[in-house]
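Undergrad: Next up is a structure, given as structure tokens.
What follows is calculated from the coordinates using simple rules that are stated; it is not laboratory data. Remember, predicted model here, so these are calculated numbers, not experimental data. Don't worry about glycine lacking a Cβ; one is built from the backbone with ideal geometry, like all the others, and counts go over all protein chains shown.
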Amino acid sequence: MRHAVAPLSVCLFLAFAGVSLAEEDAFNGIKLFERGEYSAAFDALSPLAKAGDPRAQYYLGEIYRQGRGHAQSITDALDLFKHSAEAGNADALNALGELYLAGIGVNKDTERARVMFEKAISGSSLKAYINLAYLY
């Protein structure tokens, strides 16, 4: 029995270490973004976004939306924001609301923007409160 526990312990350690490394990579990518190092943030966040990390998807979406550190692509930004929002990311919901409100990359839809802002507020997005207030 002792021999069966050791491989299990190693597997569990590696599984949790992988999560920690992914968390650290996401944190580093976000810090690069916040420091304005958009090219480096793009490189750090891209594999995480492809792997389904909602925070990485949001920040990569912002890079595409703003065209900083990479060519602007509203289509890619929308796609990333939608995936992130589906996972419940409040910032992504707010970003989608802003795009719908302005009609950028999508048909202008104030009602859909309002719904996105309300969902983002339930996820504690301060920006969404401000955007929703703007509608009223």
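Undergrad: Evaluate E = 1/(1 + (r/R0)^6) for LYS50 and ARG112, where r is the Cβ-Cβ distance and R0 equals 41 Å; express this FRET efficiency to the nearest 0.05.
TA: Efficiency, from the Cβ-Cβ distance: 0.95.
Undergrad: Between ARG68 and ASP43, what is 0.36 nm times their sequence separation minus the Cα-Cα distance? Round to one decimal in nm.
TA: The span from ARG68 to ASP43 would gain 7.8 nm if fully extended.
Undergrad: For region 36-136, treating each Cα as an identical point scatterer without solvent, what Debye log10 I(q)/I(0) comes out at q = 0.12, 0.23, 0.24 1/Å?
TA: So the normalised log intensities work out to -0.35, -1.14, -1.20.
Undergrad: Now, a different point. Count neighbours as other Cβ atoms within 10 Å of each site's Cβ, and list the trypsin sites (Lys or Arg not before Pro) in region 32-81 that are DSSP loop with at most 15 such neighbours. Numbers along the way, then the final one.
TA: On the way: sites: ARG35, LYS50, ARG55, ARG65, ARG68; in loops: ARG35, ARG68.
Loop-located and lightly packed - ARG35.
Undergrad: Going 7 Å from the Cα of ASP79 in the Cα-to-Cβ direction, what parts of region 98-128 have a backbone nitrogen less than 17 Å from that spot?
TA: Hits in region 98-128 for ASP79 at 17 Å: 105-106.
Undergrad: Fewest first, what order do LYS119, LYS31 take by the number of other Cβ atoms within 10 Å? Show your work: numbers first, answer last.
TA: On the way: LYS119 19, LYS31 13.
Listing LYS119, LYS31 from fewest to most nearby Cβ atoms yields LYS31, LYS119.
Undergrad: Please list, or write none, the lysines whose alpha carbon is within less than 17 Å of the alpha carbon of LYS119, excluding same-chain residues fewer than 8 places away.
TA: LYS119 reaches LYS82, LYS127.
Undergrad: What is the fewest-to-most order of TYR100, TYR134, TYR38 by other Cβ atoms lying within 10 Å of their Cβ?
TA: Ordered from fewest to most neighbouring Cβ atoms within 10 Å, TYR100, TYR134, TYR38 come out as TYR134, TYR38, TYR100.
Undergrad: Additional query: Find out how many positive minus negative residues lie around GLN57, taking Lys and Arg as positive, Asp and Glu as negative, among other residues whose Cβ is under 11 Å from that of GLN57.
TA: Here the count lands on -3.
Undergrad: Using θ = phi - 60° and the Karplus form 6.51 cos²θ - 1.76 cosθ + 1.60, what ³J(HN,Hα) does each residue of region 102-110 get, whole Hz, x for Gly and Pro?
TA: 8, x, 9, x, 9, 5, 4, 8, 4
Undergrad: List every residue whose amide H lies under 5 Å from the amide H of GLN72, counting only residues 5 or more places away in sequence or on a different chain, with H placed 1.01 Å from N in the peptide plane.
TA: Result for GLN72 returns nothing.
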